[in-house]
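Remarks on the structure that follows.
The values are calculated or read from the model by the stated rules, or taken from the named source; none is laboratory data. Note that the structure is predicted; figures quoted are calculated from it, not measured. Glycine gets a Cβ as well: all are built from the backbone with ideal geometry, and neighbour counts include every protein chain shown.
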Amino acid sequence: MLSTPFPALTIKNKTLLPIVQGGMGVGVSAHRLAGAVASLGAMGTISSVDLRRHHADLMAQTGRSRDKAAINAANLVALDREVRAALALAGGRGMVAVNVMRAVADYAAYVRQSCASGAEAIVVGAGLPLDLPELTADFPDVALIPILSDARGIALLLKKWMRRQRLPDAIIIENPHYAAGHLGAPRLDEVHAPQYAFGAVLEATQALLDELGIARERIPLIVAGGVHDHEQARRLFALGASAVQLGTPFAVTEEGDAHPAFKRVLAGAGPEDIVTFMSAAGLPARAVRTAWLDGYLAKEEKLQRKAHARDCVAAFDCLHQCGLRDGNPKAGQFCIDTRLAYALKGDVQRGLFFRGSEPLPFGEEIRPARDLVRLILNGGRNDAADGPVRDPQPAAA
């Protein structure tokens, strides 16, 4: 395990490096990335969405299919394969998690399949997973980790879960001001609201745990969004974070499961190239302003005015609520699965490339995941590459 001056992260009695690789779909974080990160002693995360796109045989069966049941079944097969492959790469080290968006239509099936396939943790965002304890009742050893953005949502979830005699095994606090992909704010004009600031949410959550009689160390708080250097991580740990989660920096590592062109788009984007807009999922989202996205945004208002209900263009109704399919004029008017799939394959002209707002740790370089973990956790020093997790007290000041 790599060395770090920060405290170890403990989840379900497993000792981990205090760094988490965020789940990124479609297919951006699959078994190769998640398994590589776990093998370093950290938490690697598979995104459950439409993983069949990594499997030629499943795409041959369903790529042109209009059979919703067949597509969903293929995705469950792909999820099973990816979880098992990631666990094999991890070799018993770290932790392999699966991220399941609450907003996807097959949410419950993805959760159950992930557990049955051996996932060690289920991470849920894009909605409140109030029913997660029930869905995973047959798998008590699987860690349950919701993603939330403010203290109000955390309070609601904790109180609901406590009635079911269950607590989260960790909570990821994602700041929509910095994060990539779908953001934890309900509207575009709230993405930068002060209640999402890390310091404010950490302080309020710690006070909430005290109020509810929950020991602070019982639920690790993992902060996500914009983390990109060691000193920043140090400040977040000093505020009370138990770990940091990174998405975009892991997406562009050598082990990232997307096409090399995908990584170049993310790594080459400057602040002026990053835009926040409404996703088809009805949530604000952040991505690189590519040719397709520029064209879409230029006609977004017109498309929203003409929004009307229609059949799912991808045939399998991936979202519970889809702006394009349902004719919601306040949401994005495009097929998000199709656009993310183009990006996964490196189609720069037609893809949607989710990206966080902050600089990347290595600029435009594509480096191994180990280098990223080392940089964030110990400043990139090579002399401590293989030591144990050390007592963190000196770094807490």
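For the range 242-276, the set of residues classified as without any contact (Cβ under 8 Å) to a residue 60 or more places away in the chain and touching a Leu at 6+ places or on another chain (Cβ under 8 Å) consists of VAL275 only. Count of the range 170-217 residues, restricted to those that are charged (D, E, K, R) and over 28 Å from LEU266 (Cα atoms), is 5.
The set of residues in the range 200-215 that are surrounded by 14 or more Cβ atoms within 10 Å (Cβ to Cβ), of a type outside the set (Ser, Thr, Tyr) and in contact with a Leu (Cβ under 9 Å, 6 or more places away or on another chain) comprises VAL201, LEU202, GLU203, GLN206, LEU208, LEU209, ILE214.
Looking across the range 258-276, the residues that are buried (at least 24 other Cβ atoms within 10 Å of the Cβ) and either of a type in the set (D, E, K, R) or in a helix (DSSP H, G or I) (or both) come down to PHE262, LEU266. Of the residues making up the range 246-257, one or more are closer than 15 Å to ALA179 by Cβ, of a type in the set (Phe, Trp, Tyr) and touching a Gly at 6+ places or on another chain (Cβ under 7 Å). Filtered by the rule that a residue be crowded, with 21+ Cβ neighbours inside 10 Å and of a type in the set (A, V, I, L, M), the range 162-190 gives ALA170, ILE171, ILE172, ILE173, ALA179, ALA180, LEU183, ALA185. Counting the residues of the range 107-163 that are farther than 16 Å from GLY22 by Cβ and of a type in the set (Val, Ile, Thr) gives 4. For ALA314, the conditions (1) out of contact with any strand residue (DSSP E or B) (no Cβ under 7 Å at 6 or more places or on another chain); (2) of a type in the set (A, V, I, L, M); (3) under 13 Å from LEU352 (Cα atoms) are fulfilled apart from (3). Kindly check whether there is at least one residue in the range 331-338 that is at positive phi and at pLDDT below 95. Within the range 331-338 (the criterion being at positive phi and at pLDDT below 95), the answer is no, since none of the residues qualifies. If the condition is being of a type in the set (Asp, Glu) and within 27 Å of the chain's Cα centre (by Cα), then the range 285-304 contributes ASP294, GLU300. Helices (runs of 4 or more DSSP H) fully within the range 284-372 that include at least 3 residues being surrounded by fewer than 16 Cβ atoms within 10 Å (Cβ to Cβ) and among the aliphatic types (A, V, I, L, M): 291-298.
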